[in-house]
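The values are calculated or read from the model by the stated rules, or taken from the named source; none is laboratory data. The structure displayed is predicted, hence computed values, not measured ones. So basically every Cβ, Gly included, is an ideal-geometry build from the backbone, and we count neighbours across all protein chains shown. All accessible areas refer to the heavy atoms of the entire protein, side chains included, with ligands and DNA or RNA removed. Shrake-Rupley method; radii C 1.70, N 1.55, O 1.52, S 1.80 Å.
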Amino acid sequence: MVSNTPAKPIGESEKLLSRERILSAAKREFAERGYQGSRLGSVARKAGVNQALIHYYFDSKERLYQEVLLRLFGVNETENLQDRFSPLPMGPAEKLLAAIYFIVHLHHGGIDPDFNRIIAREISEGRGNIRSLVATYFIPRIEVMEAIVRDGVREGIFETRNTLLTVLTIINQVLSYESGRDNYRETPLFSRLYDGAAHGEFFDFVVENVFKALRPAGKKLKIPVLPDGLAAMIDAVIAETKRRQKWVELNDEE
């Protein structure tokens with residue numbers, strides 16, 4: 001049983017590891033029991049730390065829960081991709097291609113199984129954390145992507161009856177593909193969908209279908225290419241995002 005007495009001073013690397021273990025244990029606890037059913041004592045046992053450390057690092061269960069959600073969503077409050085890429089000379093077509101590249105490669109590898117479990121419990125408990133995250137971090141990004149499509153329509157490069165639904169269709173297609181990874185595992189379709197070059201084929205498929213759908217009537221299909229060096233820049237952002245989303249491994253014992 002974990003004691004609630006104050007822990008002795010520890011080094012910075014040990015502090016960091018303890019904090020990471022708490023986050024990983026909390027993710028597992030929230031996925032298994034939801035927010036309402038979760039207990040900080042159980043999180044402490046899973047993490048193998050003193051419960052006082054949870055209060056030291058995160059102050060409350062609510063703050064710990066929010067930190068878990070932020071990491072699951074890969075949110076960086078200071079990141080602004082538009083600021084990074086705006087100096088590059090790109091029209092709407094190139095900007096849209098860059099956005100698709102980012103979305104597809106960011107989610108490559110599947111979605112954390114606990115992600116869907118926590119969201120399902122969040123919805124069943126009627127909490128508003130997911131809505132708050134969407135409103136604060138994701139709607140602005142959707143609006144940036146929609147503005148790109150809208151610019152393309154204005155310039156006669158794209159044609160669509162609904163720019164917002166166009167963007168949501170792109171995003172949902174990627175999320176659906178990656179969330180289905182575990183569902184198709186150990187089935188005859190898995191290798192065709194996810195093994196080897198399948199990821200590259202999926203990216204090409206999305207790009208081709210998006211630009212076909214947006215092609216104005218009577219115009220020839222033209223798929224753009226990314227400016228030199230842009231893919232490497234996006235890859236660096238994705239690598240940093242995925243680094244922030246990593247979780248330390250825990251023993252199976254509680």
_Residue selected from the stretch 196-209 under the condition modelled with pLDDT under 95 and more than 21 Å from the chain's Cα centre (by Cα), by the criterion nearest to Val104 (Cα to Cα)_ = Ala197
*Please go through the stretch 204-230 and pick out each residue that is open to solvent by 30 Å² or more (accessible area, probe 1.4 Å) and assigned to a helix (DSSP H, G or I).*
Asp204, Phe205, Glu208, Asn209, Lys212, Ala213
*On the given criteria, is Leu214 of a type outside the set (Val, Ile, Thr), in contact (Cβ under 8 Å) with a residue 40 or more places away in the chain and more than 26 Å from Leu88 (Cβ to Cβ)?*
no
*Which of (1) open to solvent by 30 Å² or more (accessible area, probe 1.4 Å); (2) part of a helix (DSSP H, G or I); (3) charged (D, E, K, R); (4) closer than 21 Å to Gly109 by Cα does Glu186 not meet, given it meets every other one?*
(2)
_Of residues in the stretch 1-24 being more than 15 Å from Leu64 (Cα to Cα) and open to solvent by less than 50 Å² (accessible area, probe 1.4 Å), the one modelled with the lowest pLDDT_ = Val2
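Got a sec? Which of Arg192, Arg127, Arg131, Arg150 is open to solvent by 60 Å² or more (accessible area, probe 1.4 Å), of a type in the set (Lys, Arg) and either within 21 Å of Leu70 (Cα to Cα) or in a loop (DSSP other than H, G, I, E, B) (or both)?
Arg131
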*Of the residues Phe73, Phe85, which is surrounded by 19 or more Cβ atoms within 10 Å (Cβ to Cβ) and modelled with pLDDT under 85?*
Phe85
*Search result, residues across the stretch 25-37 that are among the hydroxyl-bearing types (Ser, Thr, Tyr) and modelled with pLDDT of 95 or more*: none
*Considering each residue of the stretch 33-50, count those that are open to solvent by 30 Å² or more (accessible area, probe 1.4 Å), in a helix (DSSP H, G or I) and within 18 Å of Val248 (Cβ to Cβ), and give that number.*
1
